[in-house]
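Report on the structure given below.
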Amino acid sequence: MASVDGAYDCTTKTPMGDQPSVFTVISNGGTFHGTNAGPLGSLDVKNGTVDGNMLKWTMDMIMPMPMTLECEAVVEGDRLTGTIQAGAFGAMAMTGTRRT
């Protein structure tokens, strides 16, 4: 298992307030797949790449409005810190802790 793999309890700071989710990372060499599941539904990871402890991916959001989210995060130990670019809404901070 790679050091980035796991399920993370995350919070994303959005214009609609803090949104909790569970972000799952399953790596395979320099790529990964997974989901980000929260109260508004589950989004599949697309184009996931792994470079050391840096993750980059996109997600296609449908609700509350359609847009492609551009995401990146760094995993340090059991902590995940990143940003989600949400079009006109700008960058939203995402933090998480790996489930043990």
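Just to be sure I understand: if I project the alpha-carbon convex hull of segment 41-86 onto a plane and average over all orientations, what area do I get in nm²?
If you wrap the Cα atoms of segment 41-86 in a convex hull and average its projections, you get 3.5 nm².
Given 37 °C and 0.692 mPa s, compute D for the chain with the Stokes-Einstein relation, Rh being the Kirkwood radius over Cα pairs; round to the nearest whole µm²/s.
For these conditions, the coefficient is 247 µm²/s.
So what are the ³J(HN,Hα) numbers for segment 10-24, from phi and the Karplus equation (6.51, -1.76, 1.60; θ = phi - 60°), rounded to whole Hz, Gly and Pro as x?
Once θ is set to phi - 60°, the couplings for segment 10-24 become 10, 10, 10, 7, 10, x, 9, x, 5, 10, x, 7, 10, 9, 10 Hz.
HN-Hα J couplings of segment 86-100 from phi, Karplus 6.51/-1.76/1.60, θ = phi - 60°, integer Hz, Gly and Pro as x?
Karplus values, whole Hz, x for Gly and Pro: 10, x, 5, 7, x, 8, 10, 6, 10, 10, x, 10, 5, 6, 10.
Thr31's amide H: which non-local residues (gap 5+, or another chain) put their own amide H closer than 5 Å, with H modeled 1.01 Å from N in plane and none for Pro or chain starts?
The answer is Val50.
In whole percent, what relative contact order does the chain give with Cα contacts below 8 Å and a gap of six or more residues?
Reported as a whole number, the value is 23 percent.
Residue-wise, which Karplus ³J(HN,Hα) couplings in Hz belong to segment 57-71, taking 6.51 cos²θ - 1.76 cosθ + 1.60, θ = phi - 60°, and x for glycine or proline?
Running phi through 6.51 cos²θ - 1.76 cosθ + 1.60 with θ = phi - 60° gives 6, 10, 9, 9, 8, 10, 10, x, 8, x, 6, 8, 9, 9, 10 Hz.
Given H placed on each backbone N at 1.01 Å, which residues far from Val45 in sequence or on other chains put an amide H within less than 5 Å of it?
Residues meeting the amide H criterion: Gly34, Thr35, Asn36.
Hey, what's the chain come to in accessible area per residue, 1.4 Å probe, Å²?
Ligands and nucleic acids excluded, the result is 56 Å² per residue.
Quick check: pseudo-label points 7 Å beyond the Cα along Cα→Cβ at Met65 and Asp44, how many nm apart are they?
Taking the simple label geometry, Met65 and Asp44 are separated by 2.5 nm.
Working from the alpha-carbon coordinates of segment 1-60, get Rg over Rh, Rh being the Kirkwood radius.
Values: Rg = 11.7 Å, Rh = 12.0 Å.
Rg/Rh: 0.98.
If I stretch the segment between Thr14 and Thr100 completely, what's the gain in nm (0.36 nm per residue apart, minus their alpha carbon distance), one decimal?
Taking 0.36 nm per residue and subtracting the Cα distance, the gain is 28.3 nm.
The values are calculated or read from the model by the stated rules, or taken from the named source; none is laboratory data. The structure presented is a predicted model; accordingly, all values stated were derived computationally and were not measured. Using ideal geometry, Cβ is built from the backbone for each residue, glycine included, and neighbour counts are taken over all protein chains shown. When the accessible area is computed, the model is the full protein with side chains, heavy atoms only, and any ligands, DNA or RNA have been set aside. Shrake-Rupley method; radii C 1.70, N 1.55, O 1.52, S 1.80 Å.
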